[in-house]
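These notes are about the structure you will find just below.
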Amino acid sequence: MIGFLRFAVIGLGALSVLFWLVRIYARSLRREALEKHWARESAAGVDLGPRDAYVEAGMDDYEHGLTRRLVWLVFIVPIAVFAVVVFVMNYR
């Protein structure tokens, strides 16, 4: 039992680190895409307003979007796979 608890704590810690790394990376990709879009459109003469306001509005949309929620699969998928493997191995 102690071994399982140790595995669970270490596993959840590793998944937490991975979750934050993926989250930071996904946010940086989205921010970069918004900055490039603003630069491309403003060079074409389209007025999108101030750059910082445009990027922040886009990041607010990102925070409520599907992509942000999909990052939670970093936790859900490994735990679900582990639970299925344990179930199958113990109850065949």
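Values in this text are rule-based calculations from the coordinates and carry no lab data. Please read all numbers here as calculations on a predicted model, not as lab measurements.
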In degrees, nearest 10, the alpha-carbon axis of helix 73-90 is tilted away from the dominant principal axis of the alpha carbons of the chain by 20
Of all C-alpha pairs within region 52-92, those more than 12 angstrom apart amount in percent to 68
Helix-only [θ] at 222 nm, the chain, -39500 (n - 2.57) per DSSP H run of 4+, per residue, nearest 500, equals -29000 deg cm²/dmol
Region 6-51 and region 73-88 have their Cα centres apart by a whole-number Å value of 27
Correct semi-axes for the chain, from √(5λ) of the alpha-carbon gyration tensor and rounded to whole Å with the largest first, are 43, 13, 9
In degrees, nearest 10, the alpha-carbon axis of helix 2-43 is tilted away from the dominant principal axis of the alpha carbons of the chain by 10
